[in-house]
1. Quick check on my link table: of K162/K190; K119/K140; K55/K177; K55/K119, which ones sit more than 30 Å apart, alpha carbon to alpha carbon?
2. In what order do S50, S68 fall by count of nearby beta-carbon atoms within 10 Å, going from fewest to most?
3. Can you bin the stretch 40-209 into rounded, prolate or oblate? Criterion: square roots of the alpha carbon gyration tensor eigenvalues sorted a ≥ b ≥ c, rounded for a/c under 1.5, prolate for a/b above b/c, oblate for the rest.
4. Based on the mean of other Cβ atoms within 10 Å per residue, sort peptides 54-64, 82-92, 159-169 so the most packed one is first.
5. Using Cβ contacts closer than 10 Å as the measure, can you line up I99, I104 from fewest to most?
6. Counting only Cα atoms, I'd like the Rg/Rh figure for the stretch 49-135, Kirkwood definition for Rh.
Amino acid sequence: MIHVHVAVVKNIKIVVVNNYQRMWLYCVHPFFRKEKIYMGDVNIRFLKNSDKDYKLLEKWYQKEEIYSSFEQRKLTFEEIKEKYYPRTFKNAKIPVYIIEYKNIPVGIIQYKLVQDREKELYKLVGDNIYELDIFIGELKFHNKGIGSTAINILSKILYEEKNAKILIMCPLKSNAKAIKCYQKCGFIIKKYFKDKDTIGVMQEYALMIK
């Protein structure tokens, strides 16, 4: 049985959905694109077009453990703003969420609709196939289950709001830590493939699906 409770506090609608297994808390402001979705101590919220959020990304992109698997190089504040500003739009092609742990920003998670060129590369057919990508930028919060929880939150959104049929993630084949995390979330390795990374270097990736 599912119980839904709705309350309005200072023009913010709060919806609590309790299915006796997990409690989901949605905080939605009627005038602004604000939403937080919680699972335990972890929540995700939309990336904001603000220097504060861009500076978080700048800080995280200076860490080799992060950029080596995500962007392959450090990014400047200007590069981050240029790249991520379009992703703050309401109808962004690649929506980005800040991951928070006990309301502390610790990383990002994003998704995109897989296009025809990528379907051909991945040898996938069908519609409503979404690709997720994630990193936890605060290294001291690694190995706490935050990443897997954020993936589960976003997966639920994509299944329920985007009618997703297939979800995929494509970590580097050498990134054993990421692969283990994604397997924990129900993804399985379908195949390995080669493609160029963001700086044009050919890399080998694991195609993981669920």
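1. K119/K140; K55/K119
2. Exposure proxy ranking, most exposed first: S50, S68.
3. The shape class here is rounded.
4. The most tightly packed comes first, giving 54-64, 159-169, 82-92.
5. The fewest-first ordering by Cβ neighbours comes to I104, I99.
6. Rg divided by Rh gives 1.01.
The numbers here are math on the coordinates, done by the rules we state, and not lab data. As the structure is a prediction and not an experimental result, all values here were calculated from the model. Note that we place each Cβ from the backbone using ideal geometry, even for glycine, and neighbour counts take in every protein chain shown.
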